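Peer 1: Shown below is the structure under consideration.
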There are 2 protein chains.
Amino acid sequence: MYDIEILGNLEKGINFIKKTERKEFLFSLVISYTATCEIPGITVAGANPDLLRYTAAADAEFLHYGFCKSINVIPMTPDGKPTPAILTKTALEAASIPSLVINAGSRIIPQLPFLELGLIPGKNILEEPGMDLELVRKAVEYGRIAGRTLASSTNCLVIGESIPGGTTTALGVMAGLGMSPTVSSSMPENPIQLKNQTVQSALKRIDSKDPFEVISQLGDPMIPTVAGILSTASESANVILAGGTQMVAVLAFAKSTGFNKENVAIGTTSYIIEDKDANLVDLVNQVSDIPILVAKLKLGNSKISGLRSYANGFVKEGAGAGGSSIACMLKTGIDSEKLLLLTEQEYDRIISQ
Amino acid sequence: MYDIEILGNLEKGINFIKKTERKEFLFSLVISYTATCEIPGITVAGANPDLLRYTAAADAEFLHYGFCKSINVIPMTPDGKPTPAILTKTALEAASIPSLVINAGSRIIPQLPFLELGLIPGKNILEEPGMDLELVRKAVEYGRIAGRTLASSTNCLVIGESIPGGTTTALGVMAGLGMSPTVSSSMPENPIQLKNQTVQSALKRIDSKDPFEVISQLGDPMIPTVAGILSTASESANVILAGGTQMVAVLAFAKSTGFNKENVAIGTTSYIIEDKDANLVDLVNQVSDIPILVAKLKLGNSKISGLRSYANGFVKEGAGAGGSSIACMLKTGIDSEKLLLLTEQEYDRIISQ
């Protein structure tokens, strides 16, 4: 009925769709930073260190205004591959889904109202612990408070993230928690060796599998924040963790902070599932039997090469693109054909600015 | 049926109650600061200038945690008159109404998650303009964005405020907009002469009745922020402006920013209505024919002298106490007797800490 594929626990996936279809959704974008992204070659999400600082704020501003205020360009590669926030914006607008930006230590503060959690940017895990243990606890505690408020007034909370370099810290957290992870990347030539070297180096500092210690050494502020939001929000509402491997790192850590798994699903794009380097389904299964909802987008059919590139292994996911597309489909019944058309219109609007 | 009196437009008041009873409410506390409060003798909301800076943050923390984090005392006068936030907290908890703190330029940032609007504290209007014109515009714009999100997920948004010195800037704004205002005060001996002198002095700087210019010269950051929230929130939800004369200043300014008056009511306590110095009903009538819902509290019957003092002209209102009491009654059907009992229990909890 919907252009949504269910992976993982099929029964729970069907149940999740039944509980949320035609209901109210609220989208939250957790923006953050880890200086791990400054390791040369580790991410394409922003060509140079100066721009990397602006990535999360620019995504937040683009989602709201349709342009960026902190920088005077739309996040897009020189050859026209746009930020995945274009998918998120299209989906949220098509379904009139309200959104809220949550600042969990972004390097640059976005120029719009946002929920402030009093955190600071994460550090480069190659060189030092990603964040103080005290800040990990604060991120969870403030996340819990935020989650309670956000969930109180919606049927389904969708949580996306924007944090440059975040797949490397996610890899680190999963490794630190004893998993055997592989991760996806915003580049088709995944710099997996560089990511692994970074994580292996950081793992040497650790002599405990205490989850809070693992986050402190190998994580970023987004992970404990989203885990905190998840723990309280899932008590009273449904929650879609919108993303790929980074949301698996959240789930792995969230086993220690608690959540109601009957109310939780991962929501992502088909391009993450097609990524052979990152077997998302296996990873989720290592942690929990929650369902994975996959938005079967049709960007490969686009007349615009920048959008087709998503189907060829570029970008693939980010800024909650997959989860918000699923929310849009569930709320309105819109299919992927229609979403593609709207996305192309949005792309045309951007490049004519 | 409820312990709520309707003043102003009776028909609209009845209609407002019908639209909101047994529905979902969301409470927001807009915290702010005006250095006008530093004029000696102008406010009792905090005994000395150092504590005044903490008033709004302390109210926010008390509402959430039941104690304050930024200071190690509960806001209460030495002889036991508690902050009106005790009424707000009791009402919100009794009705399980979620709440969100909105920072519109508080001097001190509260230690909990809050919606950040990127404003700065207001200046002392006796000496200089209260805020730059550019910041007035930003407060309205960011308020509009916040109001859209907040209203999207509730039937009725209740907006309270905590800003020391705010009745003087409210007086200034009403005077600047051509009204003939009188204002209430947190003290039974209202320092009305001092407030009027302050306003008259500030009025000399002004040669325009442009509402944005009036706010810039005589206002504080709370007023344009709440006006912005009101303008968008009232498009899609009901709104209770929770307060006394300060909310009339908001309404007077909001005529220039626009709002749907069919969806708006003032919500306040009976102690404001009984205040002969501030004829709230007349003031509201000068601006708009929206209804005034009055929570008929029974603090005068309390066994606790600190609570009885509310009925004797002390404190009377603040931190959205009246509006949240009304929301509690409408959502749950609880009466004033029960609310008094719960407030006394809360008072006992505080003083035994």
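Peer 1: Hey, A:Leu171 hits all of (1) in a helix (DSSP H, G or I); (2) within 12 Å of chain B (Cβ to nearest Cβ) but one; which does it fall short on?
Peer 2: The one condition A:Leu171 does not meet is (2).
Peer 1: Looking only at segment A:229-262, which residues are within 19 Å of A:Met174 (Cα to Cα) and small (Gly, Ala, Ser)?
Peer 2: Hits for segment A:229-262 are A:Ser231, A:Ala242, A:Gly243, A:Gly244, A:Ala249, A:Ala252, A:Ala254, A:Ser256, A:Gly258.
Peer 1: Return the residue satisfying two criteria in turn: it lies in segment B:99-111 and is part of a loop (DSSP other than H, G, I, E, B) and on the phi < 0 side of the Ramachandran plot, and of such residues it is farthest from the other protein chains (Cβ to nearest Cβ).
Peer 2: Taking segment B:99-111 as the starting set, the residues that turn out to be part of a loop (DSSP other than H, G, I, E, B) are B:104-111.
Filter once more, so that each one left must be on the phi < 0 side of the Ramachandran plot: B:104, B:106-111.
Values: B:Ala104: 10, B:Ser106: 12, B:Arg107: 16, B:Ile108: 13, B:Ile109: 8, B:Pro110: 9, B:Gln111: 7 Å.
So the residue we want is B:Arg107.
Peer 1: Another one. Regarding B:Thr55, is this residue modelled with pLDDT under 95, away from chain A (no Cβ under 14 Å), under 18 Å from the mean Cα position of the chain (by Cα) and within 30 Å of A:Ser153 (Cα to Cα)?
Peer 2: When the stated conditions are applied, B:Thr55 passes them.
Yes/no per residue for (1) under 29 Å from A:Pro98 (Cα atoms); (2) within 10 Å of another protein chain (Cβ to nearest Cβ); (3) of a type in the set (Phe, Trp, Tyr); (4) touching a Ser or Thr at 6+ places or on another chain (Cβ under 8 Å):
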residue	(1), (2), (3), (4)
B:Lys69	no, no, no, no
B:Gly80	no, no, no, yes
B:Lys89	yes, no, no, no
B:Ile97	yes, yes, no, yes
B:Gly160	yes, no, no, yes
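Peer 1: So, in segment B:263-319, exactly how many residues are among the small types (Gly, Ala, Ser), surrounded by 18 or more Cβ atoms within 10 Å (Cβ to Cβ) and more than 24 Å from B:Ala175 (Cβ to Cβ)?
Peer 2: Qualifying residue count, segment B:263-319: 9.
Peer 1: Moving on. Output yes when any residue across segment B:131-152 is more than 14 Å from chain A (Cβ to nearest Cβ), free of Cβ contacts under 8 Å to residues at least 24 places away in the same chain and either in a helix (DSSP H, G or I) or farther than 20 Å from B:Ala265 by Cα (or both), and no when none is.
Peer 2: no
Peer 1: (1) of a type outside the set (S, T, N, Q); (2) at the interface with chain B (Cβ under 8 Å from one of its Cβ atoms); (3) surrounded by fewer than 24 Cβ atoms within 10 Å (Cβ to Cβ): which one isn't true of A:Leu177, the others all being true?
Peer 2: Unmet condition: (2).
Peer 1: What are the residues in segment A:196-214 that are among the polar types (S, T, N, Q) and assigned to a loop (DSSP other than H, G, I, E, B), if any?
Peer 2: From segment A:196-214, those among the polar types (S, T, N, Q) are A:196-198, A:200-201, A:208; that's our starting set.
Within segment A:196-214, A:Ser208 is the sole residue that qualifies.
Peer 1: So A:Leu119 fits all but one of (1) within 20 Å of A:Glu38 (Cβ to Cβ); (2) more than 20 Å from the chain's Cα centre (by Cα); (3) within 14 Å of chain B (Cβ to nearest Cβ); what number is the exception?
Peer 2: Of (1) within 20 Å of A:Glu38 (Cβ to Cβ); (2) more than 20 Å from the chain's Cα centre (by Cα); (3) within 14 Å of chain B (Cβ to nearest Cβ), only one is false for A:Leu119: (2).
Peer 1: Kindly indicate whether A:Ser185 is farther than 24 Å from A:Ile206 by Cα, part of a loop (DSSP other than H, G, I, E, B), within 14 Å of chain B (Cβ to nearest Cβ) and at pLDDT below 95.
Peer 2: Considered against the rule, which asks whether it is farther than 24 Å from A:Ile206 by Cα, part of a loop (DSSP other than H, G, I, E, B), within 14 Å of chain B (Cβ to nearest Cβ) and at pLDDT below 95, A:Ser185 comes out as no.
Peer 1: Do we find a residue being within 30 Å of A:Ser208 (Cβ to Cβ), at pLDDT 95 or above and not charged (D, E, K, R) anywhere in segment A:82-92?
Peer 2: Within segment A:82-92 (the criterion being within 30 Å of A:Ser208 (Cβ to Cβ), at pLDDT 95 or above and not charged (D, E, K, R)), the answer is no, since none of the residues qualifies.
Peer 1: Considering B:Gly41, B:Gly13, which residue is in contact with a Leu (Cβ under 7 Å, 6 or more places away or on another chain) and crowded, with 16+ Cβ neighbours inside 10 Å?
Peer 2: Being in contact with a Leu (Cβ under 7 Å, 6 or more places away or on another chain) and crowded, with 16+ Cβ neighbours inside 10 Å holds for just one of B:Gly41, B:Gly13, which is B:Gly13.
Peer 1: Moving to a separate point now. Of everything in segment B:1-52 that's away from chain A (no Cβ under 14 Å) and polar (S, T, N, Q), which residue is farthest from B:Leu150 (Cα to Cα)?
Peer 2: Checking each candidate, the answer is B:Asn48.
The values are calculated or read from the model by the stated rules, or taken from the named source; none is laboratory data. Source: prediction; values computed, not measured. Cβ coordinates were reconstructed from backbone atoms using ideal geometry, including for glycine residues, and neighbour counts include every protein chain displayed.
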